[in-house]
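Q: Here you go, one structure.
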Amino acid sequence: MTALVQAAALGKTFAGGVRAVDGVDLAIAQGETLGLVGESGCGKSTLARVLIRLIEPDAGALTFRDRDITHLPDRAMRALRRDMGIVFQDPFGSLNPRMTVGQLIAEPMWIHGIGDRAARRARVPELLGLVGLLPEHASRYPHEFSGGQRQRIAIARALATEPAFLVCDEPTSALDVSIQAQVLNLLRDLQERLGLACLFVSHNLAAVRHMAPRVAVMYLGRIVEEAARDRLFAAPQHPYTQALLSAASEPGSERRTRIVLKGEVPSPANPPSGCRFRTRCPRAVSRCAEEEPQLAEVAPGQRVACHFPGALRPEELSAP
Ligand SMILES: Nc1ncnc2c1ncn2[C@@H]1O[C@H](COP(=O)(O)OP(=O)(O)OP(=O)(O)O)[C@@H](O)[C@H]1O
Ligand code: SF4
Ligand SMILES: [Mg+2]
């Protein structure tokens, strides 16, 4: 499997010393969807933006189509950008209210010099159709649409340049619950139909499970576990993944005991020594404070960054 997007020890530290992304290794193959899940502030959006170089990394290496783009200058990046799309959480903020839907969808093609004016104009109704909107919507303005429809417009815009890699950063979190499933299904459909590689970011485990055959779990700037979806949900090995799944499961819906996590999420500007999860981990021992666990394969395709991976025992679950 050759990766379309590959990150090696990738990092991004913001002013103030916030290590939002800190030593991330991951690979996404052509046509593959990787889900990225974790609590608020763990660095999902920063990682997503670094992967398409909306943010320049300050550690590690990033390749796209086997080309090193870690520090590729803006001018060279611009040509690559047509191969990368992003759908943001907020379909209100991401669409210029002064442009018509047709202009919004044609703009990326114009920016990248794709087709002439007539060709771009002809492509707009096709893209509208792709996302379940109508040709006559092209002459309207974003405020005339509902949140779900605006997100469809944002998706059409992201797909206008026929990217190979699409980042979806909480694409349905701002939408009414009643229409979230429609937009998720549309995205999954398009991903399959167009053979897109996709990073699907969400704090919602159910959405990630619906969308992504492979899932990575992030905690305080690092990937702590990565596995095929079915394996991750059936046999999570990192204590944090188990805590996340347990917190999300409906009482009675699964045979999983609820794990109550101790303590607050530590500051990403000053993460705990050794394993970052140790201040909340029911299994932590002194080694966890001294030695940082690296991602290692514990089962085929399942990688875990923990010195003591495996299902938590009942006495660990009832730890104070
Ligand atoms: N431009 C920035 N400047 C300084 N700090 C930032 C910036 N962007 C993000 N951060 C910090 O980096 C950390 C990671 O933020 P990020 O937005 O990537 O998390 P997230 O997992 O996407 O969270 P959420 O689920 O709330 O969207 C947070 O501590 C955040 O405050
Ligand atoms: S390394 Fe130690 S503290 Fe970290 S998750 Fe594993 S057991 Fe818990
Ligand atoms: Mg985010």
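The values are calculated or read from the model by the stated rules, or taken from the named source; none is laboratory data. The structure presented is a predicted model; accordingly, all values stated were derived computationally and were not measured. Note that we place each Cβ from the backbone using ideal geometry, even for glycine, and neighbour counts take in every protein chain shown. Just the protein is used for accessible areas: all its heavy atoms, side chains included, with ligands, DNA and RNA removed. Shrake-Rupley method; radii C 1.70, N 1.55, O 1.52, S 1.80 Å.
Q: Which stretch or stretches of segment 1-39 have amide N atoms under 12 Å from the point lying 7 Å from A61's Cα along the Cα→Cβ direction?
A: Residues 6-10 fall inside that zone.
Q: In what sequence, highest mean first, do 271-277, 58-64, 39-45, 239-245 appear when ranked by Cβ atoms within 10 angstrom?
A: Going from most to least packed, we get 239-245, 271-277, 39-45, 58-64.
Q: Here's another thing I want to ask about it. Round to the nearest 0.05 the FRET efficiency obtained for A269 and F308 when R0 = 25 Å and r is the Cβ-Cβ distance.
A: 0.35
Q: Moving to a separate point now. Taking the chain as the reference, fit the longest principal axis to its C-alpha atoms, fit the long axis of helix 177-194 to the helix C-alpha atoms, and give the angle between the two in degrees, 0 to 90, nearest 10.
A: Approximately 80 degrees, to the nearest 10.
Q: Would you rank E32, E292 by solvent-accessible area, highest first, keeping every protein chain in place and using a 1.4 Å probe?
A: Numbers: E32 35, E292 65 Å².
Result, largest first: E292, E32.
Q: How many Å² of accessible area per residue for the chain, probe 1.4 Å?
A: The answer is 46 Å² per residue.
Q: I would also like to ask the following. How far is helix 101-111 tilted, in degrees, relative to the longest principal axis of the Cα atoms in the chain, given as a value from 0 to 90 rounded to the nearest 10?
A: 80
Q: Extending each Cα 7 Å along its Cβ direction at E297 and T2, get the distance between those two points in nm, one decimal.
A: Taking the two extended label points, one gets 2.1 nm.
Q: For the chain, with equal point scatterers placed on the C-alpha atoms only and solvent neglected, what are the log10 I(q)/I(0) values from the Debye formula at q = 0.06, 0.10, 0.13 1/Å, to two decimals?
A: Cα-only, vacuum Debye calculation for the chain: -0.22, -0.60, -0.96.
Q: Can you pull the accessible area of H307 for me, 1.4 Å probe, Å² to the nearest 10?
A: Counting only protein heavy atoms, the figure is 40 Å².
Q: Using a Förster distance of 41 angstrom, determine the FRET efficiency expected from the C-beta separation of I111 and A9, and round it to 0.05.
A: Calculated value: 0.80.
Q: Quick one: net charge around S173, please, counting Lys, Arg +1 and Asp, Glu -1 for every other residue with C-beta under 13 Å from its C-beta.
A: Within the 13 Å Cβ shell, the charges total -3.
Q: Here's another thing I want to ask about it. Nearest 5 is fine: what % of DSSP beta bridges in the chain come out antiparallel, could you say? Mind dumping the intermediate values first?
A: Working: 27 of 45 bridges.
Expressed as a percentage, antiparallel bridges in the chain total about 60.
Q: Could you work out the helix-only [θ] at 222 nm for the chain, with each DSSP H run of four or more residues adding -39,500 (n - 2.57) and the total divided by the number of residues, to the nearest 500 deg cm²/dmol?
A: Only helices count here, giving -9000 deg cm²/dmol.
Q: Indicate the gyration tensor shape class of segment 1-44 (rounded, prolate or oblate), computed on the Cα atoms with a ≥ b ≥ c the square roots of the eigenvalues: a/c under 1.5 is rounded; otherwise a/b larger than b/c is prolate and the rest oblate.
A: Oblate shape, in that a/c is at least 1.5 and b/c is the bigger or equal ratio.
Q: If you don't mind, there's one more thing I want to ask. If you roll a 1.4 angstrom probe over the protein chains with everything in place, what fraction of the accessible area of the chain belongs to carbon and sulfur, to the nearest %?
A: Roughly 50 percent, rounded to a whole number.
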